[in-house]
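Contents: one structure, followed by commentary.
The values are calculated or read from the model by the stated rules, or taken from the named source; none is laboratory data. Treat the numbers as computed from the prediction; the structure is a model and nothing was measured. Methodologically, a virtual Cβ is constructed for each residue, glycine included, from the backbone with ideal geometry; neighbour enumeration extends over all protein chains shown. The protein model used for the area step is the full one, side chains on, heavy atoms only, and it has no ligands, DNA or RNA in it. Shrake-Rupley method; radii C 1.70, N 1.55, O 1.52, S 1.80 Å.
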Amino acid sequence: MKIGIIGGGASGLAAAIAAKTEQNEVIIFERENRVGKKILATGNGRCNLSNAGASDKNYHGSDPTFVNGAVRRYWVQQTLDFFSTLGILCKEEENGKIYPYSDTASAVLDVLRRRTAELGVKTICGFDVKCAEKTQVGFEVESYGGEKDVCDRLVIAAGGKASPNLGSNGSGFELLKGFGHRITKLSPSLVQLRTETEVVKKLKGIKVNAGLTLGGNFAEGELLFTDYGLSGPPVFTLSAYLGNEKEIYADIMPEYTYDDIVSMLYERCAYLYNVSLEEFFTGMLNKRVGQALMKFVGISPLSRPASTLCEGEIKKLASTIKAWKFNITGTMSWNNAQVTHGGAVTSEFNSVTMESKLVKGLYACGEVLDIDGDCGGYNLQWAWSSGHLAGIYSAKENKK
């Protein structure tokens, strides 16, 4: 039996390795000049390949519980065991993030490529699939260059639309549409947020630990101010929840309560009474952040002494420190996004086998499905798991 896999990214490579047996021929159709380019960019080149705490609570989509088919069969521990057999020693860091001990994404790709070669998986690079269709005997795929190939089973692992420079151009969605599958609205996720720039431009390059709230969702971590808006892990995480929300709130002193901060500011007024407001926050907050706070709440002039701060101004400062509002104007482009929010409707696929309920012998895995995870290794875990299941079940004989 011949199994074709469209896409040589994380899920495609996982599917190929799982599907290859002595009885099965496996072939990867990859549009780029080599497989796994996106893997090299993950985790800032370190490859955050999983997360020890991954569960359906870390995923988004019309039905995040779709991932539980994988959670119960091939999840974090099985993934780590798999990479261990390939020679990858892993380590766990803060918030459950799992990296290769070598801190090199290239090592992860190297062992995957080595394993596919050892198994005899055939890889055709530069094969940009134009169309795929079901025939009486299986599936036929055709490239934009006019090349054709046929296979008995077909796995679509073409990724989403995020990071098109690394090979994802949304073609997998169009292929699935051709088979009758519905695709949800698509948007960039794990991406920076654009905001009104009057405040953030002055703070460009500054990082603060912050708790961010978007709608009813919360994330804490390192917030980076940019000339266009906000960036950093908590921003990436909350970008998946963007929807119609137009405001995001930053608590830049999450360790302290509002009352704590009010008391702290009164104390500073007392012992820094002759210090100018321009210098008032020095030693407590980043100087530029402090000055921006003063201007944001309308306190002026900054040349006056701290002793002149009134009760109303102190409470305004404390309120802003705990909930600094930034008006969202959008997100950065697909080129900046790490993953796609949305995809093929999961109710049209079997959550255990990843097989289409519409077309027998057709499978999908990874980012092309309407599943995306938080920042922290969750998306690669979904890629390994869904790819493995698609590969295993596409290789099974006697399908009914």
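Figures for the structure shown
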| read-out | value |
| --- | --- |
| Selection count where residues are surrounded by fewer than 18 Cβ atoms within 10 Å (Cβ to Cβ) and touching a Ser or Thr at 6+ places or on another chain (Cβ under 9 Å), scope the stretch 93-109 | 1 |
| Hits in the stretch 346-363 (condition: in contact with a strand residue (DSSP E or B) (Cβ under 7 Å, 6 or more places away or on another chain) and not in a strand (DSSP E or B)) | Thr346, Glu348, Met354, Lys357, Val359, Gly361 |
| Single residue of the stretch 153-190 satisfying the filter (aliphatic (A, V, I, L, M) and assigned to a strand (DSSP E or B)) that is most open to solvent (accessible area, probe 1.4 Å) | Ile183 |
| The lone exception for Glu245 - which of (1) part of a loop (DSSP other than H, G, I, E, B); (2) of a type in the set (D, E, K, R); (3) modelled with pLDDT of 95 or more it fails | (3) |
| Criterion: in a strand (DSSP E or B), surrounded by fewer than 16 Cβ atoms within 10 Å (Cβ to Cβ) and either in contact (Cβ under 8 Å) with a residue 60 or more places away in the chain or not aromatic (Phe, Trp, Tyr) (or both) - qualifying residue of Val150, Val137, Val141 | Val150 |
| Yes/no for Leu86 being surrounded by fewer than 18 Cβ atoms within 10 Å (Cβ to Cβ) and of a type outside the set (D, E, K, R) | yes |
| Residue that is over 19 Å from the mean Cα position of the chain (by Cα) and in contact (Cβ under 8 Å) with a residue 40 or more places away in the chain, where the choices are Thr237, Thr195 | Thr195 |
| Candidate set: the stretch 365-400, residues that are open to solvent by 10 Å² or more (accessible area, probe 1.4 Å) and of a type in the set (Ser, Thr, Tyr); chosen: the one farthest from Val67 (Cα to Cα) | Tyr393 |
| Meets criteria (surrounded by 20 or more Cβ atoms within 10 Å (Cβ to Cβ) and part of a loop (DSSP other than H, G, I, E, B)) for Ala54 | yes |
| Members of the stretch 1-14 found to be under 24 Å from the mean Cα position of the chain (by Cα) and under 14 Å from Gly361 (Cβ atoms), listed by number | Ile5, Ile6 |
| Residues satisfying the stated conditions in the stretch 364-400, i.e. in a helix (DSSP H, G or I) and among the aliphatic types (A, V, I, L, M) | Val368, Leu380, Ala383, Leu389, Ala390, Ile392 |
| Subset tally (residues that are among the acidic types (Asp, Glu) and in a helix (DSSP H, G or I)) for the stretch 248-278 | 3 |
| Of the criteria (1) part of a loop (DSSP other than H, G, I, E, B); (2) open to solvent by less than 70 Å² (accessible area, probe 1.4 Å); (3) of a type in the set (Ser, Thr, Tyr), which one Thr340 fails | (1) |
| Members of the stretch 8-46 that are open to solvent by 10 Å² or more (accessible area, probe 1.4 Å) and on the phi > 0 side of the Ramachandran plot | Gly43, Asn44, Gly45 |
| Residue in the stretch 198-207 that is outside any strand (DSSP E or B), more than 26 Å from Lys295 (Cβ to Cβ) and open to solvent by 30 Å² or more (accessible area, probe 1.4 Å) present | no |
| Residue within the stretch 313-331 that is in a helix (DSSP H, G or I), closer than 30 Å to Phe66 by Cβ, hydroxyl-bearing (Ser, Thr, Tyr) and touching a strand residue (DSSP E or B) at 6+ places or on another chain (Cβ under 7 Å) present | no |
| Leu223 vs. criteria open to solvent by less than 40 Å² (accessible area, probe 1.4 Å), within 18 Å of Ile248 (Cα to Cα) and not in a loop (DSSP other than H, G, I, E, B) | yes |
| Hits in the stretch 251-284 (condition: in contact with a strand residue (DSSP E or B) (Cβ under 8 Å, 6 or more places away or on another chain), open to solvent by 30 Å² or more (accessible area, probe 1.4 Å) and in contact (Cβ under 8 Å) with a residue 40 or more places away in the chain) | Pro254 |
